[in-house]
Amino acid sequence: MCGIIGYIGNKSATPILVQGLRRLEYRGYDSAGVALLQDGAITRIRSIGKIDNLAEKLKGEKFSATSGIAHTRWATHGGVTEENAHPHAALGGKLVLVHNGIMENYREIKEELQKEGIECVSQTDTEVLAHLIGKYYAGNLRSAVQKALERVHGTYGIVAMHLDEPDRLVAARMGSPIVVGGQEDEYYIASDATPILPYTKKVIFLADGEIADVSRHGIEICTLTDKPVEKKVEELDWDENQAQLQGFPHFMLKEIFDQPQVFQDAIGGRYDLGDGTARLGGLNMNEEQMRSINRVIFIACGTASYAGMVGKYAFERLAGISAEVDVASEFRYRDPIIDEKTLVFVISQSGETADTLAALREAKRKGAFVRGIVNVVGSTIAREAEGGTYIHAGPELAVASTKAYTNMVAVMMLYALQFGRSRRVSHATGTRLLEAMREIPEKMKQILAQADTIKAMAEKYKEYEDMLFLGRGINYPVALEGSLKLKEISYIHSEAYPGGEMKHGAIALLSPNFPVLAIMTKNSLYDKMRSNIEEVKARGAKIILIATEGDERAKDLSDDVIFVPSTMELLEPLVNTVALQLFAYHVAVLLGKDVDRPRNLAKSVTVE
Ligand code: AGP
C-alpha cells in the first residue's frame, strides 16, 4: 500500500518525483524518499512522515539528476524509521530499489545472503530484495531483476536503478499495480496514473509477471522469462485538473461536490429512455446467458460492499433474482456454493484491493460469470473480470470513498434494470426509474446547498464519543456507509443497525451521551422507522433525522433534521448518503482531523 514512481528523461527529475509522490500520498504516508542518479553517483534522501518533510530536506539542494526513483511508504515490515524508508540500496549504493507489496519469503533469503556476508541495515523485506538483485547483477539490470524475482514469493511493484546503467530503469509487477507512460525521450513509471497524467494520457498497465525496461529511447515489455510482450496503450480520459483540489480545502469535500457531475458521467449513454431500459455493453452476456442467471453475488470490501448491498435490493426488486452481498475477505476462505448460473459482481474503486481480487479469482475458479464494477481504468480487477463497467467517477484521491460509492450504486441500478427489463419490469416502470435517475444530480445539489446547515449540526455533535446510525430497508446500507464515513475520518466510535434490529440489543447503549442519526424518509418503511425513533426518544438519546422535505413531524421527533428531496425508494441511497458524507466530513474537520489522510488507513489495500 505504498506509492512508487520513477522518471527518466531530460528534465530535472527531483520536482517530477516529489510532485508525483504528492499525488500518490493517499497510498501511504509514514515515510518517503528519493534516489537520484547524477554526477556518477546515486544520491538517496529519505525522511519520516509526509512528503512535505522530504520536500523540506530537498529544499535548497541543486540536483542535476534527470533520472531517479521515489517512494511513499505504508509500513508493513519494520517500523517507521528513516532506515526503513525507501529507496533501499545494495552493491554499496550502486543499485537502488523502491517496492510496493510484501515479499513473503524474505526471511529465508535474508539468511542465505547473510551466509554470503551480505548484511541488511533495515528491517524491511525490500532491502533483502535489493541485495538479491545485487547478488545476480552482472552488468545487466533487467536480467538481474528477472533472476531475483523468480525467487520471490509474494506481491511486488518495483522500480530498480543501477549506477552503471544511467539510461535505464527496470520495473516489474506481481500483484501490485505498475503503470508506465511517456513519449519521445522521457518516461514515467508509477503505482497509478495520477502522477503521470500531467505529462501524458497514454499509458500501459503492466500485468502480473511483466517487466518494463524503460530508457530514454522507449519502453520494452517482457515477461520474467524475457519473452517480449505486445501491450495495448490505454488513453486515459481523466484531465489533470480532475486530480487537483479546485479550490476545495480537501479532496474529500471536492469529491463530495463532484457527485452531481460524475453521476451523469456514470449513467450517460448507458440507457435508452425510449425503451425504458439500460444498455451496459460491458456485461458481455447474451440474452440466453442473462436469462440463465438465478443468483447474483456482490463481492467487495468496505464502502464498495455497502454499495453492493444497495445492488442486492435493486436486483431483488427489479430483476426478481436472488441476490446477496459477501465481504471479499470472508468469501475467499469460505466454501461458497457457486455454479454456472451464478453472476458475481466484484466492486472496487481502486481495482487493486487484494481481498476482492482473490475473491474474483475464486469465483472464476468455481465457474461463475464474473463482472467488474470498477473506477480505475486498466486496474487488475478490471482486467481480470470477464467484462463489467467502469463507473467513471474520475480520480478519487481522498482515502474516504464518496463519489465512487454513488457511481457504483448508479451502475448497479442500471444493471438491475437491464436484467429486470428482460424479466419482469414493464416499460412504464423502467422509464419511470430512468427519469427519476436523471433527476438525481439536481437532488444531490439541493443537499450540497445545505452544507453550512450540516456543518452547524456537526459543530453541535462533534464532541460525542459514540453515535448510532439507524436505517431500514434500502436505507440500512446507507446507515452503514454513513457510520463508516464518520468512523474512518473522525475516529468517533459509531455503529449502524437496521432500525428494527435495534431493540434486540443496541438499544441498551442509548443515553443522552449516545446520539442517534436515523434515516426516516417517506417510503414504504416510514411508519416502522418512526416507531423505532419513538423507542430511541423514550431513552433520552439525542436524535438527528434525515427526513423528506415537508415532513413536519420529523421536527417533533428529533433534535435536528436534515431535509432531503424525495425520490424513488430504490434511489434514496444516492441522495441520503450525500447528507451523511457531509456530516462526517464537517465533524472530522471541526475536530482538526486530516480528512484526506486518516490514520491507519490507505486508499488501496493491496495486501491481505
Ligand atoms: C472507504 O472509504 C474506504 N477507503 C475503504 O473501506 C474502501 O472502500 C475499501 O478498502 C475498498 O476499496 P476499493 O473500492 O478500492 O476496493
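List of remarks:
- Residue that is farthest from the ligand (Cβ to nearest atom) [pool: residues in region 462-483 that are more than 22 Å from Met413 (Cα to Cα) and open to solvent by 10 Å² or more (accessible area, probe 1.4 Å)]: Glu463
- Lys231 passes every criterion in (1) assigned to a loop (DSSP other than H, G, I, E, B); (2) in contact (Cβ under 8 Å) with a residue 40 or more places away in the chain; (3) not hydrophobic (A, V, I, L, M, F, W, C) apart from (2).
- Residues located in region 98-120, provided they are open to solvent by 10 Å² or more (accessible area, probe 1.4 Å), among the aliphatic types (A, V, I, L, M) and under 31 Å from the mean Cα position of the chain (by Cα): Ile102
- Lone qualifier among Arg317, Arg291, Arg270 - being basic (Lys, Arg), in contact with a strand residue (DSSP E or B) (Cβ under 9 Å, 6 or more places away or on another chain) and away from the ligand (no atom under 14 Å from the Cβ): Arg270
- In this structure, Met408 qualifies as crowded, with 24+ Cβ neighbours inside 10 Å, within 10 Å of the ligand (Cβ to nearest atom), within 24 Å of Leu580 (Cβ to Cβ) and modelled with pLDDT of 95 or more.
- Considering (1) open to solvent by 10 Å² or more (accessible area, probe 1.4 Å); (2) assigned to a loop (DSSP other than H, G, I, E, B), the lone condition that Asp52 does not fulfil carries the number (2).
- Residues within region 338-354 that are more than 15 Å from the ligand (Cβ to nearest atom) and surrounded by fewer than 24 Cβ atoms within 10 Å (Cβ to Cβ), tallied: 5
- All positions within region 305-314 that are over 11 Å from Asp355 (Cβ atoms), within 16 Å of the ligand (Cβ to nearest atom) and out of contact with any helix residue (DSSP H, G or I) (no Cβ under 6 Å at 6 or more places or on another chain): Gly308
- Residue within region 329-337 that is in a strand (DSSP E or B) and either more than 10 Å from the ligand (Cβ to nearest atom) or at pLDDT below 95 (or both) present: no
- A search for C-beta distances below 7 Å between a residue of region 338-357 that is assigned to a loop (DSSP other than H, G, I, E, B) and small (Gly, Ala, Ser) and any residue that is within 9 Å of the ligand (Cβ to nearest atom) and open to solvent by 20 Å² or more (accessible area, probe 1.4 Å), counting only pairs 6+ apart in sequence or on different chains, returns Ser350/Val376; Ser350/Lys603; Gly351/Val376.
- Flag if Gln418 is within 30 Å of Lys232 (Cβ to Cβ), assigned to a helix (DSSP H, G or I), polar (S, T, N, Q) and open to solvent by 10 Å² or more (accessible area, probe 1.4 Å): yes
- Criterion: touching a residue at least 12 places away in the same chain (Cβ under 8 Å) and of a type outside the set (Val, Ile, Thr) - qualifying residue of Ala400, Ala456, Ala449: Ala400
- Answer from Asp560, Asp556, Asp527 - the residue that is among the charged types (D, E, K, R), within 16 Å of Ala579 (Cβ to Cβ) and surrounded by fewer than 21 Cβ atoms within 10 Å (Cβ to Cβ): Asp560
- Residue tally, condition assigned to a loop (DSSP other than H, G, I, E, B), modelled with pLDDT of 95 or more and open to solvent by less than 10 Å² (accessible area, probe 1.4 Å), over region 273-303: 2
- Among the residues here, Asp213 does not qualify as acidic (Asp, Glu) and in a loop (DSSP other than H, G, I, E, B).
- Number of residues in region 567-607 that are of a type in the set (D, E, K, R) and not in a loop (DSSP other than H, G, I, E, B) equals 2.
- Of the residues making up region 121-154, those that are among the polar types (S, T, N, Q) and buried (at least 24 other Cβ atoms within 10 Å of the Cβ) are Thr124, Thr126.
- Any hit, region 32-39, residues being farther than 21 Å from Gln183 by Cβ and surrounded by fewer than 19 Cβ atoms within 10 Å (Cβ to Cβ): yes
- Within the span defined as region 564-581, one or more residues are hydrophobic (A, V, I, L, M, F, W, C) and within 16 Å of the ligand (Cβ to nearest atom).
- Scanning region 246-257 for residues that are modelled with pLDDT under 95 and open to solvent by 30 Å² or more (accessible area, probe 1.4 Å) returns Gln246, Gly247, Phe248, Pro249, His250, Phe251.
- Flag for Ala160 being in contact (Cβ under 8 Å) with a residue 12 or more places away in the chain and in contact with a Leu (Cβ under 7 Å, 6 or more places away or on another chain): yes
- Top-ranked residue in region 369-384 [being in a loop (DSSP other than H, G, I, E, B) and open to solvent by less than 10 Å² (accessible area, probe 1.4 Å); ranked as farthest from Ala584 (Cα to Cα)]: Gly378
- Filter result (over 16 Å from Pro573 (Cβ atoms), of a type in the set (A, V, I, L, M) and touching a strand residue (DSSP E or B) at 6+ places or on another chain (Cβ under 9 Å)) within region 421-448: Val425, Leu434
- Residue in region 358-380 that is nearest to Tyr415 (Cα to Cα), counting only those that are near the ligand (Cβ under 9 Å from one of its atoms) and of a type in the set (A, V, I, L, M, F, W, C): Val374
The values are calculated or read from the model by the stated rules, or taken from the named source; none is laboratory data. These numbers were taken from a predicted model, which means no experiment stands behind them. All Cβ positions, glycine included, derive from the backbone under ideal geometry; neighbour counts span all protein chains shown. When the accessible area is computed, the model is the full protein with side chains, heavy atoms only, and any ligands, DNA or RNA have been set aside. Shrake-Rupley method; radii C 1.70, N 1.55, O 1.52, S 1.80 Å.
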